[in-house]
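Below you'll find the structure, written out as structure tokens, and then a few comments.
All of the numbers you see were taken from the coordinates with simple rules; none came from a lab. Just so we're clear, the structure is a prediction, and the values are computed from it rather than from any experiment. Here the Cβ positions follow ideal geometry from the backbone for every residue, glycine too, while neighbour counts run over all protein chains shown.
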Amino acid sequence: MIDRAHQLPLTRQSSILELSRSSLYYEAVPVSDRDLEMMRLIDELHMKYPFWGSRSLRDELRGRGYSNVGRGHVSALMKRMGIQALYKKPRLSNPHLEHKIYPYLLRGLEITRANHVWATDITYLPMAKGFCYLVAVMDWATRKVLAWRLSNTLDASFCVDALEEAIARYGTPEIFNTDQGSQFTSEDFTGILINNGIKISMDGKGRWRDNVFVERLWKSVKYEEVYLKAYGSIAEARTELGRYFEFYNQRRRHQGLDRKTPDEVYKATLPKRPVAA
């Protein structure tokens with residue numbers, strides 16, 4: 001938006017665009033190699049001990065040789081990664097006033113068929129040099145991954161892209177469940193659900209178990225794919241994850257699905273469409 005070669009002064013351009021003048025001179029500082037190492041370790045620890053907060057993670061990092069790391073530094077890295085300790089917490093902050101929070105609709109609901117309930121979430125992925133974020137849309141009853149996207153930022157656009165692809169390929173569910181993250185409470189995301197007549201369900205604040213099947217997916221993805229490799233780029237990560245999700249849907253058998261694959265269960269439980277007279 002800002003044109004540094006334009007005859008209009010930068011201060012005037014920033015005023016017209018309602019941007020802070022200081023932001024015009026800010027240059028992003030790349031994440032250091034040490035921080036990338038700690039972020040990867042924090043991610044692995046978070047998968048093993050999701051109830052650990054910044055204090056416990058700080059203590060573990062110090063025990064592993066990062067002697068001068070402080071709790072504030074760990075908290076900042078966790079925020080950058082988009083993770084937090086998973087336990088029931090008091091309501092410490094209010095949602096964004098412009099983002100509507102919807103009630104949780106899955107309590108006591110029997111979910112046994114495809115396209116009854118879909119769910120989604122975002123997770124951090126370490127790479128050889130850097131990191132990215134992964135979002136996936138999953139069918140709750142069958143564990144089938146319907147669509148996914150990678151991004152190097154935590155905006156809502158890649159979540160919207162995954163949702164649109166899932167609907168285009170598989171139709172619409174009756175209910176869509178998410179957490180209260182800003183990506184999923186945004187009008188861009190909820191608007192698609194509303195326009196398609198999909199009921200919106202949102203986890204209670206701090207209630208990670210409400211979306212437990214997606215959490216289990218992240219554990220499988222990381223231990224069976226991501227931690228075994230060091231992606232050199234997002235393009236490489238996209239290729240390798242594409243292969244993994246094909247394996248996950250078509251060949252990986254789940255104990256919770258009576259040793260069947262997600263694809264098998266999805267096709268078997270998909271409601272039959274009525275035949276036109």
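The table below lists the values:
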quantity: Debye log10 I(q)/I(0) at q = 0.11 Å⁻¹ for segment 145-277, Cα point scatterers; calculated: -0.48
quantity: Segment 118-187: trypsin sites (Lys or Arg not before Pro) in DSSP loop, at most 15 other beta carbons within 10 Å; calculated: 129
quantity: Relative frequency of Cα-Cα separations exceeding 13 Å in segment 176-245, percent; calculated: 72
quantity: Cβ-derived FRET efficiency at R0 45 Å, residue 129 paired with residue 267, nearest 0.05; calculated: 0.65
quantity: Extreme residue, positive dipole direction of segment 115-264, given options 186, 159, 131 (C-beta unit charges); calculated: 131
quantity: Percentage relative contact order, segment 116-171, counting C-alpha pairs under 8 Å, at least six apart; calculated: 28
quantity: FRET efficiency, residue 152 to residue 112 (Cβ-Cβ, R0 41 Å, nearest 0.05); calculated: 0.60
quantity: Pair residue 84, residue 104: separation of 7 Å Cα→Cβ label points (nm); calculated: 1.5
quantity: For q = 0.17, 0.22 Å⁻¹, Debye-computed log10 I/I(0) when each Cα of segment 33-81 counts as one equal scatterer; calculated: -0.39, -0.69
